[in-house]
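The values are calculated or read from the model by the stated rules, or taken from the named source; none is laboratory data. Not measured: the values here are computed from a predicted model. In this analysis, Cβ positions are derived from the backbone assuming ideal geometry, glycine residues included, and neighbour counts consider all displayed protein chains.
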Amino acid sequence: MRQHLIDPEICIRCNTCEESCPIDAISHDGRNYVVKFEVCNWCNDCLSPCPTGAIDNYRIVATNTPYTLEEQYSWNDLPAPTEPQTASPGVLPEEVARITEIAQAGQGGIASPPWSAAHPYVNLFTPQKPTLATVSGNFRLTAENATSDIRHIVLDFGGVAFPVLEGQSIGIIPPGTDSEGRPHTMRLYSMASPRNGERPGYNNLALTVKRVTEDHQGRPTSGICSNYVCDLAKGDKVEVCGPYGTNFLMPNHPGSSLLMICTGTGSAPMRAMTERRRRRMSLKEGGGLMLFFGARMAAELPYFGPLSKLPRELIDINFAFSRVPNQPKQYVQDKIRERHEDVVRLIRDENCYIYICGLKGMEAGVLEAFRDICRRHGSDWDELLPQLQRQSRFHVETY
Ligand code: A2P
């Protein structure tokens, strides 16, 4: 089981956790704040008031041998984790657990975050206790004549602390009820902006949302949440949960590079990560970005204009267009094969982290391309993959 713990190294003993715990699971002595294992019910009321994040810690323990209060009172720092810290603290809403399971169901599996990733906050707002964000913008990203309507929605959190990292998602609850009168369930959307806001220093973030007009079989349907979000107007209030996601996070150490592969709205986390790196270019931290981005054509590709204008020394962009009249169909895996020398170099580079996000069907094709180009360069992808996973360098979220 997960045992909720407080990190004594960064705790500033401000007492906000003890004050906000509704069931008295937290107490303190002159030295440390501690959590009673048998009382804590993971309601997470203590998480958002904590100014340092000391409260947002846990360890996997056997149910009959949790860390005792005496042990917690004696600590200077938390014991080293015995398990990869991939699960998130608290009980995740059922929808989040289900969607995460689907997103990580491929060969990429569940990866732990890069060693230098920042600490993610999760589950600060739940479907029972969402926060309200205000829409501050809703812009169409695809060309007016494009068949797909993909939008850039900016949400402002006002005075509410909603700390996020690139690669995390937020949950949105559409208003109203389903045909059986039950409230609609939450949908998850990956953030498209970096951690310091869509506009730096503003408490806002953006989403990349495609209006769903057909189901997976191509039959006409109207996606409940995507249509709600795509129709939002400036000033509208939206119920938001989250943030969610503890794995698909970017490395922060200087010299780390990113190999990003996406289709359609799978570009949201790639845009967030790219924008984070762009804003820090003057720091000359080194480590490049390489992007493979698949879309039907330029007019259907979200952020085509802004991406095309990024400096070449920041990012090496490779678009793959599948439906340009009179041109052969190209998928991201075709472009990866074309750029085999650079891609193999990045796969072998211990400081390069790989991210794949987008259509589920793409994953197998990309892995096949990796397998082929590794073989061509005398490596075995099937031996490399477990190494990449052990090094937290391979991250996949497909839907
Ligand atoms: P296609 O033209 O064959 O549908 P969408 O616009 O539906 O979100 O898709 C984004 C891009 O991903 C399109 O270019 C689409 O091509 C492409 N795509 C579809 N299936 C795969 C796949 N199995 N592997 C890679 N790309 C794919």
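Any residue at all in the range 286-294 that is farther than 27 Å from Val160 by Cβ, away from the ligand (no atom under 16 Å from the Cβ) and touching a residue at least 60 places away in the same chain (Cβ under 8 Å)?
Yes, the range 286-294 has at least one match.
Can you tell me which residue among Glu338, Glu363 is of a type outside the set (S, T, N, Q), over 24 Å from Leu249 (Cα atoms) and within 15 Å of the ligand (Cβ to nearest atom)?
Matching residue, one of Glu338, Glu363: Glu338.
For the range 40-70, enumerate the residues that are part of a loop (DSSP other than H, G, I, E, B) and within 17 Å of His119 (Cα to Cα).
Those that are part of a loop (DSSP other than H, G, I, E, B) and within 17 Å of His119 (Cα to Cα): Asn44, Cys46, Leu47, Ser48, Pro49, Cys50, Pro51, Thr52, Gly53, Ala54, Ile55, Asp56.
Could you grab me the full set of residues in the range 340-399 that are within 23 Å of Leu301 (Cβ to Cβ) and hydroxyl-bearing (Ser, Thr, Tyr)?
Correct list: Tyr355, Thr398, Tyr399.
Only one residue in Pro194, Pro251, Pro269, Pro243 is out of contact with any Lys or Arg (no Cβ under 7 Å at 6 or more places or on another chain), part of a loop (DSSP other than H, G, I, E, B) and surrounded by 20 or more Cβ atoms within 10 Å (Cβ to Cβ). Which one?
Pro251 is the lone residue from the list that is out of contact with any Lys or Arg (no Cβ under 7 Å at 6 or more places or on another chain), part of a loop (DSSP other than H, G, I, E, B) and surrounded by 20 or more Cβ atoms within 10 Å (Cβ to Cβ).
With respect to Phe304, determine if the residue is touching a helix residue (DSSP H, G or I) at 6+ places or on another chain (Cβ under 8 Å) and at pLDDT 95 or above.
no
With Ala25, Ala54 as the choices, which residue is of a type in the set (Gly, Ala, Ser), closer than 23 Å to Gly159 by Cβ and surrounded by 12 or more Cβ atoms within 10 Å (Cβ to Cβ)?
Within the list Ala25, Ala54, the selection yields Ala54.
Quick check on Asp231: is it more than 15 Å from the ligand (Cβ to nearest atom) and among the charged types (D, E, K, R)?
Answer is yes for this residue.
Test Pro386 against the stated conditions and say whether it is within 29 Å of Ser116 (Cβ to Cβ) and within 15 Å of the ligand (Cβ to nearest atom).
no
Yes/no matrix, rows are residues, columns are (1) polar (S, T, N, Q); (2) more than 15 Å from the ligand (Cβ to nearest atom); (3) surrounded by 13 or more Cβ atoms within 10 Å (Cβ to Cβ); (4) in contact (Cβ under 8 Å) with a residue 40 or more places away in the chain:
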position: Thr142; (1), (2), (3), (4): yes, no, yes, yes
position: Ser148; (1), (2), (3), (4): yes, no, yes, yes
position: Ile172; (1), (2), (3), (4): no, yes, yes, yes
position: Thr177; (1), (2), (3), (4): yes, yes, no, no
position: His184; (1), (2), (3), (4): no, yes, yes, yes
position: Gly201; (1), (2), (3), (4): no, yes, no, no
position: Arg211; (1), (2), (3), (4): no, no, yes, yes
position: Ser222; (1), (2), (3), (4): yes, yes, no, no
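Among the residues of the range 173-187, is there at least one that is closer than 22 Å to Thr246 by Cα and among the acidic types (Asp, Glu)?
So far as the range 173-187 goes, no, none of its residues is closer than 22 Å to Thr246 by Cα and among the acidic types (Asp, Glu).
May I ask you to list the residues in the range 295-316 that are part of a helix (DSSP H, G or I) and more than 14 Å from the ligand (Cβ to nearest atom)?
Within the range 295-316, Gly305, Pro306, Leu307, Ser308 qualify.
Looking at the range 255-269, I want the residues that are within 15 Å of the ligand (Cβ to nearest atom) and have a partner that is of a type outside the set (A, V, I, L, M) and in a loop (DSSP other than H, G, I, E, B) with Cβ atoms under 6 Å, at least 6 apart or on another chain. Which pairs are those?
Pairs that qualify, where the first residue is within 15 Å of the ligand (Cβ to nearest atom) and the partner is of a type outside the set (A, V, I, L, M) and in a loop (DSSP other than H, G, I, E, B), are Ser267/Pro302.
Could you grab me the full set of residues in the range 382-399 that are modelled with pLDDT under 90 and assigned to a loop (DSSP other than H, G, I, E, B)?
Listed by number, the list holds a single entry, Tyr399.
Check off (1) farther than 27 Å from Gly109 by Cβ; (2) surrounded by 14 or more Cβ atoms within 10 Å (Cβ to Cβ); (3) not small (Gly, Ala, Ser) for Phe292 and give me the number that stays unchecked.
Here Phe292 meets the rest and fails (1).
If we keep just the residues of the range 317-365 that are touching a Phe, Trp or Tyr at 6+ places or on another chain (Cβ under 8 Å), aliphatic (A, V, I, L, M) and part of a helix (DSSP H, G or I), which is surrounded by the most Cβ atoms within 10 Å (Cβ to Cβ)?
Top of the filtered list is Val332.
With the structure loaded, tell me whether Leu205 is in contact with a Gly (Cβ under 6 Å, 6 or more places away or on another chain) and not charged (D, E, K, R) or whether it fails that test.
No; evaluated as a whole, the condition is false for this residue.
Checking the conditions here, which among Leu155, Leu165, Leu232, Leu205 is modelled with pLDDT of 95 or more, buried (at least 23 other Cβ atoms within 10 Å of the Cβ) and part of a loop (DSSP other than H, G, I, E, B)?
Leu165
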